[in-house]
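FYI, it's all coordinate maths here, none of it is from the lab. On a predicted model such as this, the values are computed, not experimentally measured, just so you know. Backbone-built Cβ (ideal geometry, glycine too); neighbour counts: all protein chains shown.
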Amino acid sequence: NKAKGIFSSLLDPIEGLGPKRKEKLLKYFLTIEKIKEASVEEIIKSGMPKELAVKIYKYFHEEVKE
């Protein structure tokens, strides 16, 4: 699945996010856009531990700053 490959590579730099957790995120949010828009609480609801949820959130929100 090509989309899944793109999804995974976008998330690769996040420390502690392995293939199983990436799959959980994909099943819960369906798109990268939805993950970008998610709050830390929503990311936790998808099954991520709090520390990792914060990392995922920061990963998408610190990129935006220029």
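Worth pointing out:
- The set of residues in region 27-53 that are touching a residue at least 24 places away in the same chain (Cβ under 8 Å) and of a type in the set (A, V, I, L, M) comprises Ile32, Ile35, Met48, Leu52.
- The single condition among (1) without any contact (Cβ under 8 Å) to a residue 24 or more places away in the chain; (2) within 18 Å of Pro13 (Cα to Cα); (3) not hydroxyl-bearing (Ser, Thr, Tyr) that Ile56 does not meet is (1).
- Extreme residue, surrounded by the most Cβ atoms within 10 Å (Cβ to Cβ), among residues of region 1-26 that are free of Cβ contacts under 8 Å to residues at least 12 places away in the same chain and charged (D, E, K, R): Glu23
- Among the residues making up region 27-60, those that are more than 19 Å from Ile6 (Cα to Cα) and loosely packed, with under 14 Cβ neighbours inside 10 Å are Ser39, Glu41, Lys45, Pro49, Lys50, Glu51, Lys58.
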